[in-house]
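The values are calculated or read from the model by the stated rules, or taken from the named source; none is laboratory data. Everything numeric here is computed off the predicted structure, so don't read it as measured data. Don't worry about glycine lacking a Cβ; one is built from the backbone with ideal geometry, like all the others, and counts go over all protein chains shown.
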Amino acid sequence: MKFDFDTIGEWAPRLSAALNALVPVRLRERVAAGPIEWLEDAFDIILDEVERSDLIDATREWLRGQTIVAYHGSRLSPDEIVSVRTSGLKALDPATRKGRLAELLSRHPDWAQASAGLDAAIRDFGDGRFGRREGQAHLTLSRGALLTAFNHYLVEGSEFDQVIAVELLGKGARSLLQKGRSPVLFTTEVPGHRALDVAERRLRDGEMPGLVRHVLQFWANWLHDPALDPGTQHVDSGLIFYEGIPPDWVTDTTMIDECKLLESYHR
């Protein structure tokens, strides 16, 4: 079965069935009655009566049997879009991005002077003082959040490209990343065990995986309000892969209407 985070009306009843032995009808009715003020409140009501580790284990087991639908949004050239379709999403290799970035940024009037700092900027953001991005490929759970709350990736391209452009040429250089490229959304389907492996890679003992936490929090809120739409909640929950995303996981490619993007675009 597929698990697509934003379509909670489809997956929440299936999770309810999987947790039936742990969360009885009486407790679900208590959650439904509320009161619920904050996102965490509904889940806290359940945790008052159910052993936390048991909930984590049962939800992990359920997710392991799902195919996790996740999304990647960016702004790419036609050749780059074809590359993703045929070869998958590659983990970031700053060396291969250098030439393309130089080509895009060379249209700026200050590029001749700024270009001397390109290698240092790539090093700093790839694996330096701004944190490690080298060797990573990112997916996110919420399609709705990607199209609204975090749509600067679709408007301007990858975070890596944006940071390098701003570091060298200022915020106005982001516009250079738009020309000749189009906003595109890739839908992927990740085996549940692989998604869990990624979500739990750096957990400390007893810590709840982010994937499990978001699923349980929104399921609990759905018990209170079945009309809940996760796609409107700006959920920032991602999966970071260090080996890239294989092409057979990429199941759909959608070109996004730029006018609609700009309705909610902000920086």
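Does any residue of the stretch 51-64 turn out to be crowded, with 16+ Cβ neighbours inside 10 Å and in contact with an Asp or Glu (Cβ under 9 Å, 6 or more places away or on another chain)?
The answer is yes, given that some residue of the stretch 51-64 is crowded, with 16+ Cβ neighbours inside 10 Å and in contact with an Asp or Glu (Cβ under 9 Å, 6 or more places away or on another chain).
Looking at Leu211, Leu141, Leu154 in this structure, which one is under 27 Å from Gly88 (Cβ atoms), surrounded by 20 or more Cβ atoms within 10 Å (Cβ to Cβ) and in contact with a Pro (Cβ under 7 Å, 6 or more places away or on another chain)?
Leu154
Does Leu89 satisfy being farther than 30 Å from Ile245 by Cβ and of a type in the set (A, V, I, L, M)?
no
Answer yes if at least one residue in the stretch 173-192 is of a type in the set (A, V, I, L, M, F, W, C), farther than 25 Å from Cys259 by Cα and without any contact (Cβ under 8 Å) to a residue 60 or more places away in the chain, and no otherwise.
no
Just give me the residues in the stretch 118-137 being out of contact with any helix residue (DSSP H, G or I) (no Cβ under 6 Å at 6 or more places or on another chain), modelled with pLDDT of 80 or more and in a loop (DSSP other than H, G, I, E, B), in sequence order.
Gly135, Gln136
Can you name every residue in the stretch 186-240 that is touching a His at 6+ places or on another chain (Cβ under 8 Å), aliphatic (A, V, I, L, M) and farther than 21 Å from Pro13 by Cα?
Of everything in the stretch 186-240, those that are touching a His at 6+ places or on another chain (Cβ under 8 Å), aliphatic (A, V, I, L, M) and farther than 21 Å from Pro13 by Cα turn out to be Leu239, Ile240.
What helices (runs of 4 or more DSSP H) completely inside the stretch 1-66 contain at least 2 residues that are at negative phi and under 23 Å from the mean Cα position of the chain (by Cα)?
8-18, 39-47, 52-64
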